[in-house]
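What follows is a short report on a single structure.
The values are calculated or read from the model by the stated rules, or taken from the named source; none is laboratory data. Remember, predicted model here, so these are calculated numbers, not experimental data. Reconstructed Cβ throughout: ideal geometry from the backbone, glycine too, with neighbour counts over all protein chains shown. Surface areas here come from the heavy atoms of the whole protein model, side chains and all, with no ligands, DNA or RNA. Shrake-Rupley method; radii C 1.70, N 1.55, O 1.52, S 1.80 Å.
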Amino acid sequence: MAHKLIAAATAAFAAGLAASSVQAETLKFAFQGSLNALDPYSLNETFTLSALGNAYEGLTRRGKNLEIEPGLAESWEVVEPNRWRFHLREGVKFHNGNDFTAEDVAFSVDRVRSEGSDLRTYVNPDVKVEIIDDYTVDFVLPGPNPILHYEWDNLFIMDKEWTEANDAVKVTSASDTTPNYAALHANGTGPFKIVSHEPGVKTVYEPFDGWWDTPEHNLTKVEFTPIASDATRVAALLSGELDMVYPIPVQDIRRVNGNSGTSALTGPELRTIHLGMDQMRDELLYSDVEGANPFKDKRVRQAVYQAIDVEAIKQKIMRDLATPASLLISPFLYERAGEVERYPYDVDAAKALMEEAGYADGFTVSMDCPNDRYVNDEAICQAVAAMLARINIKVDLVAQPKAKYFAKVLASGGFDTSFYLLGWTPGSFDSWNILENLIQCRDEAGKGGAFNLGGYCNPEVDALKDKILSENDPETRNELIYQAYKLAHDDVSHIPLHQQGLAWGISDKLDVAQRADNQFKFRFVTKN
């Protein structure tokens with residue numbers, strides 16, 4: 001059967017057969033990285049949110065084309081400029097049989113904003129939650145916010161009674177080594193329940209018969225296995241051992257398409273891969289420069305930028321399955337992105353900037369990079385290291401699995417990095433998310449600019465960000481966004497590399513929805 005593919009920017013999904021008319025099946029799939037903690041607030045990372053989003057749900061959800069749909073809230077309204085009212089779905093059960101009510105919403109909002117949570121930016125700390133009745137909740141805001149709910153499909157609602165009974169109110173952070181009950185067990189309201197979980201080994205799901213919605217899928221079991229090796233992952237797909245694997249290496253796309261019974265699904269992704277530099281500390285943690293931080297000098301940051309050949313990375317490493325970026329957001333999500341141009345690749349200009357800044361002889365710096373999170377992540381970091389050697393910057397590459405990488409570089413690890421590679425998809429699909437998470441001035445507690453790992457800071461950008469949040473006029477808002485991005489670009493706040501492409505390998509027996517946010521939702525899968 002032909003694959004029914006959606007890529008949000010380019011195609012529409014054709015609905016699969018109803019579950020009742022198709023023989024039920026087991027879905028076996030693999031991803032390059034592992035699923036560690038099941039706590040839905042431990043890690044704000046696409047794969048983790050995707051995997052947990054099959055068991056947990058938010059007040060809203062996203063459809064096959066990324067449109068916002070009612071989830072645990074049947075509807076919502078702005079009753080006053082600073083007050084949003086959510087009308088909750090009645091009769092919803094958690095997997096353990098407990099009723100879903102407004103108490104669970106208020107509890108979850110408090111917990112997601114608590115210490116250890118990696119999703120604290122999802123709800124402003126000044127937002128007040130008021131329970132009107134068991135199925136009505138008001139959010140009282142410090143000011144107007146037209147995009148309040150844009151990323152709440154990933155703000156999963158937890159069972160207050162279950163969490164408290166299992167002494168799991170404290171969030172297990174990405175850096176914690178002693179997981180609590182909620183990190184090892186799940187109890188959501190979603191279409192699938194997690195019946196077993198071995199962190200880093202295997203996770204098994206089964207359909208939840210008490211789900212409030214009508215299933216489209218025909219699955220009786222889902223088995224997830226992390227497979228870090230590209231070759232092993234692809235071989236398991238080609239042999240029929242697995243039904244779906246992702247990502248598949250760009251060099252294997254033709255091979256997967258040429259194999260009888262498998263196909264490669266490719267399309268644009270909304271994620272931007274970028275580099276960041278520690279601009280906050282007076283001395284880098286991992287460098288041979290003593291008593292100074294070269295990345296505090298814009299000339300050094302620009303030299304690093306101009307020494308990197310993004311076209312070479314696109315062609316040789318990404319095999320053209322990438323689009324060089326000038327901003328930290330995809331042009332699919334911001335129509336004026338093309339108005340800001342990349343600094344040109346120019347090694348001689350980079351050398352001149354290094355000399356002007358007093359670093360003609362270069363310096364040594366460690367670079368943190370995951371090796372199982374993004375498409376060809378370690379290879380990209382190796383290429384960057386080789387390119388920077390041309391301007392006498394010696395890079396000591398620290399490439400490690402994402403669990404160790406995130407535990408080191410995120411707020412829970414003390415932003416323990418001097419130079420790093422990171423990918424980001426704005427959960428709201430809006431520029432404010434980028435400005436709030438990646439660019440806003442960061443405080444030491446990580447409450448502001450939680451993913452601004454390098455500590456870039458420009459108060460003018462922050463002031464624009466605050467205006468953007470409450471601005472309702474689209475044209476005015478777009479201009480404010482442009483001004484903020486332009487300031488950050490002129491400062492060389494980060495070094496955007498590219499938007500990576502999606503590359504999934506699937507069995508011809510599957511019908512799936514490939515969304516441009518790279519989330520794999522079982523509820524859209526049928527197996528024939």
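Among the GluC sites (Glu not before Pro) in region 201-302, those placed in a DSSP loop whose Cβ has at most 14 other Cβ atoms within 10 Å are Glu241, Glu283, Glu290. Axis of helix 474-491 versus longest Cα principal axis of the chain: the two differ by about 40°, to the nearest ten degrees. Measuring between their Cα centroids, region 406-452 and region 104-149 lie 20 Å from each other.
From the Kirkwood radius over Cα pairs of region 276-339, Stokes-Einstein at 10 °C and 1.306 mPa s returns a whole-number translational diffusion coefficient of 111 µm²/s.
The value of relative contact order for the chain, using C-alpha pairs under 8 Å at least six residues apart, is 23 percent. Both radii come from the Cα set of the chain: Rg as radius of gyration, Rh as Kirkwood radius; their ratio Rg/Rh reads 0.96.
Need one word for region 403-528: rounded, prolate or oblate. Basis is the Cα gyration tensor (sqrt eigenvalues a ≥ b ≥ c); a/c below 1.5 gives rounded, then a/b vs b/c decides.
Details: a/c = 2.44, a/b = 1.48, b/c = 1.64.
Judged from the Cα gyration tensor, region 403-528 comes out oblate (a/c at least 1.5, b/c at or above a/b).
What distance in nm separates the two pseudo spin-label positions at Asn528 and Glu74, each 7 Å out from Cα along the beta-carbon direction? With each label placed 7 Å out from Cα toward Cβ, I get 3.6 nm.
Taken over the C-alpha atoms, region 88-130 has Rg and Dmax values of 12.1, 33 angstrom.
For region 455-502, count all C-alpha to C-alpha pairs, find those more than 15 Å apart, and express that count as a whole percent of the total. Don't jump to the answer; show the numbers that get you there.
On the way: 574 of 1128 pairs.
Of the Cα pairs, 51 percent sit more than 15 Å apart.
Give me the net charge for the shell around Phe29: Cβ to Cβ below 13 angstrom, other residues only, Lys and Arg +1, Asp and Glu -1.
On the way: positive: Lys28, Lys202, Lys221, Arg233, Lys509, Lys521, Lys527; negative: Glu25, Glu223, Glu241, Asp243.
Result for the local shell: +3.
Under the Kirkwood approximation applied to all pairs of distinct alpha-carbon atoms, what is the hydrodynamic radius of region 433-484 in Å? Could you put the intermediate results ahead of the total?
Values: mean 1/r = 0.0901 Å⁻¹.
Over region 433-484, the inverse of the mean reciprocal pair distance is 11.1 Å.
Listed by chain and number, the aspartates and glutamates whose alpha-carbon sits under 19 Å from that of Lys170, ignoring those within fewer than 8 places in the same chain, are Asp39, Glu103, Asp104, Asp110, Glu115, Asp118, Asp159, Glu161.
Among 419-427, 457-465, the peptide with the highest mean count of other Cβ atoms within 10 Å heads the list, and the full ranking is 419-427, 457-465. What angle do you read, to the nearest 10 degrees and between 0 and 90, between the alpha-carbon axis of helix 102-112 and the longest principal axis of the chain? The helix 102-112 is inclined about 20 degrees to the chain. When the P(r) of region 310-407 is calculated, the portion above 15 Å amounts to 70% of the C-alpha pairs.
For Cys369, Cys441, write out the residues from largest to smallest accessible area, computed with a 1.4 angstrom probe and no ligands counted.
On the way: Cys369 0, Cys441 25 Å².
Per-residue accessible area, sorted high to low, gives Cys441, Cys369.
Output the pairs from Lys28/Lys521; Lys202/Lys527; Lys28/Lys509 with a Cα-Cα distance over 18 Å in this structure; if there are none, say none. Too far apart for the 18 Å limit: Lys202/Lys527. Taken over the C-alpha atoms, region 154-293 has Rg and Dmax values of 21.3, 62 angstrom. Across region 514-525, coupling constants 3J(HN,Hα) worked out from phi with the 6.51/-1.76/1.60 Karplus curve, θ = phi - 60°, read 9, 8, 6, 8, 6, 8, 9, 9, 5, 5, 9, 9 Hz, and Gly and Pro carry x.
Helix 459-470 versus the longest principal axis of the chain: what angle, 0 to 90°, nearest 10, using Cα atoms? It works out to around 30 degrees.
Return the whole-Å distance between the Cα centroid of region 311-387 and the Cα centroid of region 484-528. Value for the Cα centre distance between the two parts: 19 Å.
Under 26 Å of direct C-alpha separation, and excluding same-chain neighbours fewer than eight residues apart, Lys351 reaches these lysines: Lys296, Lys298, Lys314, Lys316, Lys394, Lys486. The residues of the chain present an accessible area of 37 Å² per residue when probed at 1.4 Å with all protein chains retained.
The charge dipole of the chain, taken about the Cα centre with unit charges on the Cβ atoms of Lys, Arg (+1) and Asp, Glu (-1), comes to about 1480 debye, rounded to the nearest 20.
Okay, helix-only estimate at 222 nm for the chain: each DSSP H run of n ≥ 4 adds -39500 (n - 2.57), divide by all residues, round to 500 deg cm²/dmol; what do you get?
Mean residue ellipticity at 222 nm (helix-derived): -6000 deg cm²/dmol.
Of the listed residues Arg255, Arg336, the order by accessible area with a 1.4 Å probe, largest first, is Arg255, Arg336. Here the Karplus curve 6.51 cos²θ - 1.76 cosθ + 1.60, taken at θ = phi - 60°, turns the phi angles of region 266-271 into couplings of 10, x, x, 10, 8, 7 Hz, with x standing for Gly and Pro. Over the Cα atoms of region 362-445, each weighted equally, I'd like the Debye log10 I(q)/I(0) at q = 0.13, 0.16, 0.20 Å⁻¹, rounded to two decimals. Summing over Cα pairs of region 362-445 leads to -0.49, -0.73, -1.02.
Taking amide H as placed 1.01 Å from N in the peptide plane, Lys394 has its amide H under 5 Å from the amide H of Phe363, Thr364, Val365, each at least 5 places away in sequence or on another chain. With a ≥ b ≥ c taken as the square roots of the eigenvalues of the C-alpha gyration tensor of region 96-187, please select rounded if a/c is under 1.5 and otherwise prolate if a/b is larger than b/c or oblate if it is not? Verdict is oblate for region 96-187. Among the GluC sites (Glu not before Pro) found in region 60-140, those both in a DSSP coil and sparsely packed, with 13 or fewer other Cβ atoms within 10 Å of their Cβ, are Glu67, Glu90, Glu115.
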